[in-house]
Amino acid sequence: MAWKAIDRNTPVVGADAEPALSEAVREKIRSFFDRYETKRAVLLPALHVVQDALGHVSWQAMVEVAALLELPPSDVIDTASFYTQYWTHPKGRKVITVCRSLTCEVMGGPAVLAEIKKQLGIGEHETTPDGNYSLMTEECLAGCDHGPCMLINEKMHKCVKPADVAKILADPDNDRIDSERSDLFDAPRMTGDAARKAPPPG
Amino acid sequence: MADSFEPVLLRNVGVENSTALKVYESRGGYRAVRQALKQTPGEITEEVKKANLRGRGGAGFPAGVKWGFLPPNRTVTLLCVNGDESEPPTFSNRVLMEKDPHQLIEGVIIAAYATQARIAYIYLRGEFHEQFHILQKAIDEAYVAGYLGKRVFGGDYSLECYIHRGAGAYVCGEETGLIESIEGKRGCPRIKPPFPAVEGVFHRPTVVNNVETISCIPHIIERGAEWFAGVGPQHSTGPKLFCISGPVNKPGCYEAAMDITVRELIEREDMGGGMQPARKVKAVFPGGVSMGVLTADELDMKMDFDDPQHYGLLGLGTAAAVVIDQDTDIRIVLRNVARFFGTESCGQCTQCREGTAWMYKIASRIADGAGRIEDLDILLDTARNMGMMPGLSICGLPDGATYPIETIVKKFRSELEDAIRAQPDGRVESAMSAVN
Ligand SMILES: Cc1cc2nc3c(=O)[nH]c(=O)nc-3n(C[C@H](O)[C@H](O)[C@H](O)COP(=O)(O)O)c2cc1C
Ligand code: SF4
């Protein structure tokens, strides 16, 4: 998704704000430098790493990424605002991404989405008050052979029926994937119990 | 003849642990690349030209010819593998990457060697998470084995291979949108010429090829161009992946020569397995939504590079079919497709940005039950006035938007008109009522 106007008149970053990126996150971003000819090209990986570490890409983080990649902050905002997967406001610990493209729609996707909205009490791009779930829809997730499908963080749920939703949401491991993970884009962050006890974002 | 088809690209699917390097090698993997590295890059390009390997990403441009456009006196070349796969309802690249990542990597090494690229970027759409982990693990394995990195297979040639992850944007599948996205920018396609072969990523000569195109290459090297050119019809050579989804018994990704028909893809026991009980075909999008729609009477269309044009479609596209069943309201289909393009236009070209948005608004109004008969003509009129074909846009996205809208309105006009006439007069309010 693409061309959305963003209010750029409101100051979004305080001059005396605390730094958002830890040294470890910066180091992770720097590890991508020798993959590309320009520092700008590190921007997409950098935003992935930042979002992974902080949960979203805050304005303050964008300013710091800009400094790290020697870019004007406006370039970072320009890129970050183009892509649907970067959240510029806090999101829940788990993001549910429901496919809304043709196969999933004709196979019953809208009823699944409605059920999730009902159970969580939130709409698209909203977050539950406990900070556990955010909800969004996306165009084709390339899982049409088992539509309706949806992602919970990285985990693909296949052939979901409205009646399955409660069970899926109740499962604490509903975002665990079967494959061995690569930590390339993972940033050092709170995991496990620490994350569960942390105050909800936003 | 199609019955005796032996899968090539999918031969490792279903094999236990098929993503592991040693399993891939035990089944004959990484033989082709060893053979290729003994040949000259020119010889490999010739072989790929002779095989007439046409791009699997949608446009069908011959891969060897594309490589031949690289300037001969270049110093740096980059290879980009297009794994953006965002065209609904396509998932064949996903299957290739999650089931047989080493086949892709072997293809990458050969294609990079043939084009003398020292860096290969595999552009992976942001929604591919498990596929990323699987592919990255395979790349790591290939590095450890000495198949990637400095002096691959102990020879003089070196190649770095990186995955570049996108973050949600259909237009990044367009090759110059992809290039911009690798450079860390919005995925806004570039005006061509210059074509990527002359000026691509970081202004360097760049080759962009689809995941399936690249996955074919080891087999061309190993079995020879004649073998490849002998599979399927004359201008549509080689094994090809077909996706089928919707209310069929066995939705999935199947491999065949390009001589099968849409009907076979739906009905054959070793493919779609027929419609689910009590379901009947109303319409099929045979090549990804952007190619346009077929009616139930048009299922004898051949899934090759030429026949779709005879049915008013844009082309073979991604060869991914979705079946719409008899009980689905065509207005829902119209709105879904219009929304896709309305939200995925990058917004650089006025007629694409505005036209796709209008079509979405009008289609929504119709689907909400507040349509007007003249809306159908407004849709056709809008569709005719956007895209690369009339020379109005930078990339092909609006052409992909016009074909489904035009074919739905033309081929299902009476159903749409009936639905509009059956609307209870003046009682349905649509948020889009005011839009002209
Ligand atoms: C709007 C748009 C989206 C595209 N999306 C994809 C895609 O997701 N994957 C792909 O391989 N090609 C896609 N293409 C086609 C590419 O521009 C390009 O032709 C292709 O990657 C070349 O590879 P090939 O020659 O191996 O097919 C798209 C084209 C357009 C106009
Ligand atoms: S045609 Fe549409 S998607 Fe393509 S560059 Fe123009 S505005 Fe962007």
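Remarks
- Selection within the stretch B:286-300 - in a loop (DSSP other than H, G, I, E, B) and open to solvent by less than 40 Å² (accessible area, probe 1.4 Å): B:Gly287, B:Gly292, B:Val293, B:Leu299
- Test: residue in the stretch B:3-17 that is more than 14 Å from ligand 1 (Cβ to nearest atom), among the aliphatic types (A, V, I, L, M), assigned to a helix (DSSP H, G or I) and touching a residue at least 12 places away in the same chain (Cβ under 8 Å): no
- Qualifying positions in the stretch B:378-429 - surrounded by fewer than 16 Cβ atoms within 10 Å (Cβ to Cβ) and hydroxyl-bearing (Ser, Thr, Tyr): B:Ser414
- Scanning the stretch B:335-357 for residues that are among the polar types (S, T, N, Q) and facing chain A (nearest Cβ under 7 Å) yields B:Asn336, B:Thr343, B:Ser345.
- Test: residue in the stretch B:123-144 that is among the polar types (S, T, N, Q), open to solvent by 10 Å² or more (accessible area, probe 1.4 Å) and either facing chain A (nearest Cβ under 8 Å) or without any contact (Cβ under 8 Å) to a residue 24 or more places away in the chain (or both): yes
- For the stretch B:345-356, the set of residues classified as surrounded by fewer than 22 Cβ atoms within 10 Å (Cβ to Cβ), within 16 Å of ligand 1 (Cβ to nearest atom) and over 19 Å from A:Asp78 (Cα atoms) consists of B:Gln351 only.
- The residue list B:Ala283, B:Ala320 contains one member that is open to solvent by less than 10 Å² (accessible area, probe 1.4 Å) and closer than 23 Å to B:Tyr170 by Cα, which is B:Ala320.
- Residue that is nearest to A:Val165 (Cα to Cα) [pool: residues in the stretch A:77-92 that are within 7 Å of chain B (Cβ to nearest Cβ), buried (at least 19 other Cβ atoms within 10 Å of the Cβ) and out of contact with any strand residue (DSSP E or B) (no Cβ under 9 Å at 6 or more places or on another chain)]: A:Tyr86
- In the stretch B:342-419, counting only helices (runs of 4 or more DSSP H) that sit wholly within it, the ones holding 1 or more residues that are away from ligand 2 (no atom under 16 Å from the Cβ) and touching a strand residue (DSSP E or B) at 6+ places or on another chain (Cβ under 6 Å) span B:397-411.
- Residues (among the basic types (Lys, Arg) and free of Cβ contacts under 8 Å to residues at least 24 places away in the same chain) located in the stretch B:32-46: B:Lys38
- Residue match in the stretch B:63-77 (condition: surrounded by fewer than 20 Cβ atoms within 10 Å (Cβ to Cβ) and either over 24 Å from B:Ile119 (Cα atoms) or within 14 Å of chain A (Cβ to nearest Cβ) (or both)): yes
- Test for B:Asn210: is it away from ligand 2 (no atom under 16 Å from the Cβ), open to solvent by 10 Å² or more (accessible area, probe 1.4 Å) and not assigned by TED's automatic domain parsing to the domain that holds B:Asn52: no
- Residue match in the stretch A:93-103 (condition: on the phi > 0 side of the Ramachandran plot, away from every other protein chain (no Cβ under 14 Å), open to solvent by 10 Å² or more (accessible area, probe 1.4 Å) and under 13 Å from the mean Cα position of the chain (by Cα)): no
- In summary, B:Gly57 fulfils each of the numbered conditions (1) in contact with a strand residue (DSSP E or B) (Cβ under 6 Å, 6 or more places away or on another chain); (2) within 12 Å of chain A (Cβ to nearest Cβ); (3) within 16 Å of ligand 2 (Cβ to nearest atom); (4) not aliphatic (A, V, I, L, M) with the single exception of condition (2).
- Scope the stretch B:222-261; condition open to solvent by 10 Å² or more (accessible area, probe 1.4 Å) and either of a type in the set (A, V, I, L, M, F, W, C) or in a strand (DSSP E or B) (or both); matching residues: B:Trp227, B:Ala229, B:Val231, B:Cys253, B:Tyr254, B:Glu255, B:Thr261
- Residue among B:Tyr162, B:Tyr170 that is within 10 Å of chain A (Cβ to nearest Cβ) and within 12 Å of ligand 1 (Cβ to nearest atom): B:Tyr170
- Test: A:Asp164 is at pLDDT 75 or above, surrounded by fewer than 11 Cβ atoms within 10 Å (Cβ to Cβ) and either under 30 Å from A:Cys144 (Cβ atoms) or of a type in the set (A, V, I, L, M, F, W, C) (or both): no
- Residues being among the β-branched types (Val, Ile, Thr), farther than 18 Å from B:Arg339 by Cβ and within 14 Å of chain B (Cβ to nearest Cβ) - total across the stretch A:104-146: 0
- Verdict on B:Gln116 being within 22 Å of the chain's Cα centre (by Cα) and in contact (Cβ under 8 Å) with a residue 24 or more places away in the chain: no
- Some residue of the stretch B:329-336 being open to solvent by 10 Å² or more (accessible area, probe 1.4 Å), within 24 Å of A:Val106 (Cα to Cα), more than 16 Å from ligand 1 (Cβ to nearest atom) and in contact with a Gly (Cβ under 8 Å, 6 or more places away or on another chain): yes
- All of (1) within 16 Å of ligand 2 (Cβ to nearest atom); (2) of a type in the set (Asp, Glu); (3) surrounded by fewer than 24 Cβ atoms within 10 Å (Cβ to Cβ) hold for B:Glu174 with one exception: (3).
- Verdict on B:Asn12 being among the polar types (S, T, N, Q) and in contact with a Ser or Thr (Cβ under 8 Å, 6 or more places away or on another chain): yes
- Restricted to the stretch B:202-220, and to residues there that are of a type in the set (A, V, I, L, M, F, W, C) and under 23 Å from the mean Cα position of the chain (by Cα), the residue that is farthest from ligand 1 (Cβ to nearest atom) is B:Ile220.
- Which numbered condition B:Phe61 misses (of (1) touching a residue at least 12 places away in the same chain (Cβ under 8 Å); (2) within 16 Å of ligand 1 (Cβ to nearest atom)): (1)
- B:Gly58 meets each of the listed conditions (1) on the phi > 0 side of the Ramachandran plot; (2) crowded, with 24+ Cβ neighbours inside 10 Å; (3) at pLDDT 95 or above apart from (3).
- Taking (1) within 18 Å of B:Pro88 (Cα to Cα); (2) more than 16 Å from ligand 2 (Cβ to nearest atom) in turn, B:Thr295 satisfies each apart from (1).
- The conditions of being more than 11 Å from chain A (Cβ to nearest Cβ), open to solvent by less than 20 Å² (accessible area, probe 1.4 Å) and touching a Pro at 6+ places or on another chain (Cβ under 8 Å) are not met by B:Ile105.
The values are calculated or read from the model by the stated rules, or taken from the named source; none is laboratory data. Since the model is a prediction, treat every value here as computed from it, not as a measurement. Ideal geometry is used to build each Cβ from the backbone, glycine not excepted, and the neighbour counts take in all protein chains shown. Just so you know, the surface numbers come from the protein's heavy atoms only, side chains and all, with ligands and any DNA or RNA stripped out. Shrake-Rupley method; radii C 1.70, N 1.55, O 1.52, S 1.80 Å.
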